[in-house]
Amino acid sequence: VLKQHGYHLLEAATGEEALQRSQDYHGPIHLLLTDIVMPHMNGRQLSEQLVSVRPGIKVLFVSGYTGDDVLRDATLRGSAFLQKPMSPEALLGKVRELLDAPFDQSC
């Protein structure tokens, strides 16, 4: 959906792969879109590591889980949350909203 609407993506199957791709990519990365619940390295851990090396990056967490821990993880600096399953319109709208919003350095 994002590719079809003109977004450039760096895709990764795991958190570790995402970190490696971000290190190998020398251009700007504006947004991390990640599931919160993943094996080995969860989305919160991934976002913390990525934000430490790319401080201007915004984060969009997605999850099919609705527990308090999941929602608490979605409140990290520069992050937002989208419940799965979501419509393509909801995904596109949230991504655009985050990319258009000024970065809040006070978070």
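The values are calculated or read from the model by the stated rules, or taken from the named source; none is laboratory data. Computed from a predicted structure; not experimentally measured. Cβ sites come from the backbone with ideal geometry, for glycine too, and all protein chains shown count toward neighbours. Note: areas computed on protein heavy atoms with side chains; ligands, DNA, RNA excluded. Shrake-Rupley method; radii C 1.70, N 1.55, O 1.52, S 1.80 Å.
Here Asp100 and His40 are evaluated by their C-beta separation; at R0 = 25 Å the FRET efficiency comes out at 0.15.
Couplings for the stretch 5-20, taken from phi via the Karplus curve 6.51 cos²θ - 1.76 cosθ + 1.60 with θ = phi - 60°, read 10, x, 7, 8, 10, 10, 9, 8, 8, 9, x, 4, 5, 4, 4, 5 Hz in order; Gly and Pro are left as x. Summarising the amide proton neighbourhood of Val59: residues at separation of 5 or more, or on other chains, whose placed amide H is nearer than 5 Å comprise Leu32, Ser79, Ala80. Of Val95, Val37, the residue with the largest accessible area leads and the full order is Val37, Val95 (1.4 Å probe). Using a Förster distance of 30 Å, how high is the FRET efficiency between Met86 and Glu11, based on the Cβ-Cβ distance and rounded to 0.05? Calculated transfer efficiency: 0.95.
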